[in-house]
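**Q** Please see the structure below; I have some questions.
Each reported figure results from applying straightforward, stated rules to the coordinates on display, with no laboratory input. These numbers were taken from a predicted model, which means no experiment stands behind them. Reconstructed Cβ throughout: ideal geometry from the backbone, glycine too, with neighbour counts over all protein chains shown.
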Amino acid sequence: MNPNVTCLIVGLFATSVAAQKVRVKIVPSASDVLKYTVNSKSEMKTDTKRTIDGEERPGRGAGGAVKSEQTLVFQEGPDGSNWRKYITAAASVTKPTRQGEDETSKIVGAIVGKTIFIVKDGKKTVFKAGSATGEALPRAIMQGIPGKLTLAGLLPAKMVEVQGKYELKKGFAQGLRKLLQPVRAARPANVQGENRDQGRRRGQGRGNPNTWNGVAIRLLGSKKLTTKGAGQLVSVTEKDGTTLAVLEIDAVLSGAGTPTELGMGRQNRRRGGGGDKEDTGKASISIKITGQIVVNQTQQRIQSVSLKGKLQSNSESSRTTERSGEERKIDTVQSIQGTFAVDAAVENIGPAPKEIKKESTATIK
C-alpha cells in the first residue's frame, strides 16, 4: 500500500477516536466504601486598617504571611448508607508574632476516630456519634462538614469530546466546598484565663479560621460567587483493565457584595462586644484555580484531584457598637492575598464492615 495512503488512514482513525464523545461521571457504589485522603496548604497575607471614631488603631496581629496545612482522611459509606468514619483530622497554622518569630499552632480535629451517622431531623441535618441513635455532635465542631458528599459538580455535566472543552458551572464551587472540609477541635469545658489561652495554643480550642479550609468553605458557600472558566477532557486511556479520564481545570471564581454576603463579614468579630449593629460596606473576591482531576471511568469514581490557585479579596466595612451607653463607629479596610493547593486521592477499599452496614441500613428512612 502506498505509504501516503497508510498515513492518511492512520490519521483519520486517530481523528475519529479523538472526536468521540465521552460521558465522564461518577456513580456511588452500592456496596463498597471509598477512602478519601485530602491534603491542603496555603499561605495568606492579610493587611488590615481599622479606625474607631476616626482614630486609627493598630491591628491585633503582627502582620506577615500566615501558613496553614491540613490533612483529612475519612471513609465514606456506600450509596444508601448514612455514615462516614474520620481516621485523620489534623491541621497546623504558622504565623509571625509581634517579636518577629514564627509561632505554630496545631489542631487535632474533634471528629478524629469517630464514625458519624448523618440523620435527618425535620429539615435539619444532625450528626450522631457512633450510631444513628447516638449523641448529637456539637454544631461548633461540625460546621462546614457536608451531609451528603456530592462531587459531581467537579465534572462536566454533558458528554464531551477528547481534547474538547466544556463550561464550568456553579456546581464546581459547590463540589470543591464539600471536598474542603475543615478541621475543628473540641472546645475545652470550664477553662478560662491563662489556661484557656494555653489550651488554644495547643489546639484545644475551636478550629483556627486562618486555615485555608476554614476560609474556603465560607467563601465558596457564598451565593454571590460566580464561576467562569473551562475544563478540558485531555485524554482517556486504558491500562490493566482500568480506564482513566483526565480533566484539566482553568477557573475563576469571583463575586462582589457586602463582606457578610461573601463570607468575609463578622465571623472574626470578638464576642461580648455589646450591642453591635449589622456590618455595612462592600467587598470583592477573586479566586483563580488551575489543576487536574482524574476520573476512574471503570469504577465511576473520582481517583484524584490536584488543584492550586491564587486568592485576592478586598473589603471595606463599618459597624456601630454600643458600650456603657456610648456608641462607637468602627471602620475596617482589609485585603487578603495568597496561594493555596489541594491534593486529594480516592480509593475503593471494598465492602463496608457488617456491623456498620447493619446499623446504617436499619436507620435509613
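**Q** Using θ = phi - 60° and the Karplus curve 6.51 cos²θ - 1.76 cosθ + 1.60, what whole-Hz ³J(HN,Hα) does each residue of the range 112-121 get, with Gly and Pro shown as x?
**A** Each residue of the range 112-121 in turn: 4, x, 9, 9, 9, 10, 9, 10, 8, 10 Hz.
**Q** Which ordering of 285, 107, 336 is given by a fewest-first count of other beta-carbon atoms within 10 Å?
**A** Details: 285 23, 107 26, 336 19.
Least to most surrounded, the residues fall as 336, 285, 107.
**Q** Can you figure out the FRET efficiency of residue 52 with residue 235, using R₀ = 41 Å and their beta-carbon distance, to the nearest 0.05?
**A** 0.10
**Q** Pairs to check: 21/85; 85/310; 85/120; 21/170; 114/148; 67/158. Give those whose C-alpha atoms are more than 27 Å from each other in this structure. Intermediate results must be reported in sequence, preceding the final value.
**A** Numbers: 21/85 37 Å; 85/310 31 Å; 85/120 18 Å; 21/170 23 Å; 114/148 17 Å; 67/158 38 Å.
Check vs 27 Å cut-off fails for 21/85; 85/310; 67/158.
**Q** At residue 37 and residue 103, where each label point lies 7 Å from the Cα along Cα→Cβ, what is the point-to-point distance in nanometres?
**A** It works out to 3.3 nm between the two label points.
**Q** Also: Can you bin the range 285-345 into rounded, prolate or oblate? Criterion: square roots of the alpha carbon gyration tensor eigenvalues sorted a ≥ b ≥ c, rounded for a/c under 1.5, prolate for a/b above b/c, oblate for the rest.
**A** prolate
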